[in-house]
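Working notes for the structure below.
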Amino acid sequence: MLSSNKKLRVLQLAAVIFLTVSGGPYGLEPLLSYAGQNGSLFLLMLTPLLWDIPTICGVLELNSMMPVTGGYYQWVKRALGMRFAFYEGWWTWLYTFVDLAIYPVLFVEYLSFFFPGMEAYKIPLCLAIIWISAGLNILGIVPVGEASIFLAVIVLLPFLALFIIAFSHYGGVISFPALSLKGIRFSSIGMALYTVMWNFIGWDNVTTYAAEVNRPVRTYLVSIGIAFVLIFTIYFLAVFTAQQSGIDFNLLNEEGFPALGLLIGGQWLGAMISLGGMASALGLFSAVLLSVSRVPKVMADDQLLPAKLHTVHPKFKTPYVSIIVCSAVVSVMILWTFADLLIIDVTVYGAALFLEFISLIVLRIKAPEEYRPFKIPLNIAGLCIMLLLPVGVFVIALSGAIAESGKRLMPVLFALGVLLTAEIVWRIIVYIKPHLKTRLFKLPE
């Protein structure tokens, strides 16, 4: 049992959430090339309403009901049983490996702004980043929380400077673009949605270490609120600033926000934004590794994964074997490309998120009187309608990605293959341990 002074507090948790979900607008650059001047802000404002708000509300209710280590895995286990809990944990574990692989690669890309040619040393540099972050996680939750605050500040300061310089020196009339999708191809809308969704995923990931958060119900409510407002604001201002600057959207897509910094403030601002991109990559990797490393631990407690993953460090009390295994797998996956990773990420994540929404509804039916400090003010029918909103966004994005070009079909098929592995591995497990089919839910201590 961790003492309160060793647990995450509001600002620490808000910083970890910010870095888990966002890490700044890095990765949002393709939105303007897909959706153009009029569609970008429209989708940026609409998507969080349909995709994020229902997710956040569901996460807050389930987490207030069960603020335990393992988060979404424990919710699905209680609502739907061991089989679907395994699906949830397995899918999340695999999609996060894919997600984690991109951050060291991004770090090296932004480092190349200062040292051209660093791409030649991408593999050793990526491996160094992976294992340094693993060591930070093994040291314990508080060092990660404190480091996340520091990294969040580094990520935000360059964009704060960008916004101030852009609007203080802008001599023309600031015009707000028309909010419309008229003239935008369906495939481009789909890819634009994928871009926004990818930049807003991960709210449920931050619940896996709820037992390590001080006063978790209140702290999560306040911290998620702070993080959401901060993330949306910086995304909105980044896209709006790019639109007002007149930068070529294809150039922005190819060279990223450092190109916008060079245009608006010169070399120093481009360098600051590149430094922020490096901090973002480090912070995202460490924060996401923190969340996903807890899932194998609770799955090992349920005999769904090898018991060795349950091993806790004798000094730091962290699941160090799980962290090492996660880092080892990511080390193998750093050669994957960003475009394919985005498709795989959101597709597999969407399936896992669907199980969480189903769990929310099932627990309303199975345990209607159980205390929920935060409860969505909707009945069962209202929750079902709410569920249709993110599902609809997901279906449109997936359809658009497939229609975008033939090459997008391969990551989609790979993601579907990843989803199918859950059933295959589950059948192997219950063949070896048949008692797991009927094992009852037990709330972790």
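Read-outs: derived from the displayed coordinates by stated rules, not from any lab. Worth saying up front: this structure is predicted, and the values here are computed from it rather than measured. Quick reminder, even Gly has a Cβ in these numbers, built from the backbone with ideal geometry, and neighbours come from all protein chains shown.
Across TYR170, TYR220, TYR194, mean-square fluctuation computed from a Gaussian network of the chain (C-alpha pairs under 10 Å connected) peaks at TYR170. Taking PHE176, PHE236, PHE354 in turn, the Gaussian network model of the chain (Cα-Cα springs below 10 Å) assigns the largest fluctuation to PHE176. Top mean-square fluctuation among LEU179, LEU398, LEU94, Gaussian network model of the chain, C-alpha springs under 10 Å? In this elastic network of the chain, the residue with the biggest mean-square fluctuation among LEU179, LEU398, LEU94 is LEU179. Note on the chain: dipole from Cβ charges, positive end direction compared against ALA339, ALA161, ILE376; the farthest Cα belongs to ILE376.
Packing-wise, with mean Cβ within 10 Å as the measure, how do 361-369, 252-260, 182-190 rank, highest first? If you can, show how the numbers build up before the last one.
Numbers: 361-369: 13.4, 252-260: 20.6, 182-190: 15.6.
Ranked from most to least packed, the peptides come out as 252-260, 182-190, 361-369.
From most to least packed by mean Cβ count within 10 Å, the peptides 222-233, 23-34, 426-437 give 23-34, 222-233, 426-437. Label sites at GLU254 and SER112, each approximated as a point 7 angstrom past Cα along Cα to Cβ, lie 1.3 nm apart. For ALA367, the amide hydrogen comes within under 5 Å of no other amide hydrogen, counting only partners 5 or more places away or on other chains and with H modelled in the peptide plane. With respect to the chain, whose longest principal axis is taken over its alpha-carbon atoms, helix 122-139 is tilted by about 50°.
Distance from the C-alpha centroid of segment 209-279 to that of segment 359-402: 29 Å, rounded to the whole angstrom.
Phi angles across segment 245-251 convert, under the Karplus curve 6.51 cos²θ - 1.76 cosθ + 1.60 with θ = phi - 60°, into 3J(HN,Hα) values of 6, x, 4, 5, 5, 5, 5 Hz, Gly and Pro given as x.
Around the Cα centre of the chain, unit charges on the Cβ atoms of Lys, Arg, Asp and Glu (plus for the first two, minus for the last two) sum to a dipole of about 1420 debye. When the charge dipole of the chain is built from unit charges on Cβ atoms (+1 for Lys and Arg, -1 for Asp and Glu) and taken about the Cα centre, the candidate among TYR34, MET65, SER280 whose Cα reaches farthest toward its positive end is MET65. Take each peptide in 112-122, 337-347, 241-251, 50-60, count the other Cβ atoms within 10 Å of every residue, and average; sorted highest first, the result is 50-60, 337-347, 241-251, 112-122. The fewest-to-most ranking of HIS169, HIS313 by surrounding Cβ atoms within 10 Å reads HIS169, HIS313. Pairs of lysine residues in segment 10-438 that meet both criteria, 8 or more places apart or on different chains and Cα atoms under 19 Å apart, total 11. Counting neighbouring Cβ atoms within 10 Å and putting the fewest first, the residues TYR320, TYR349, TYR72 line up as TYR320, TYR349, TYR72.
Each residue of segment 424-432 was assigned a 3J(HN,Hα) from its phi angle through the Karplus curve 6.51 cos²θ - 1.76 cosθ + 1.60 (θ = phi - 60°); the sequence is 4, 5, 4, 5, 5, 5, 6, 5, 7 Hz, with glycine and proline shown as x. Model label points for PHE316 and ARG215, set 7 angstrom from Cα along the Cα-to-Cβ axis, are 2.9 nm apart.
Which net charge results for the neighbourhood of SER40, defined as the other residues with beta-carbon distances under 15 angstrom from its beta-carbon, given Lys and Arg at +1 and Asp and Glu at -1? Value of the local net charge: 0.
Hey, with R₀ at 35 Å, roughly what FRET efficiency would LEU389 and THR233 work out to, going by the Cβ-Cβ distance, to 0.05?
Numbers: r = 22 Å, r/R0 = 0.64.
The computed FRET efficiency comes out at 0.95.
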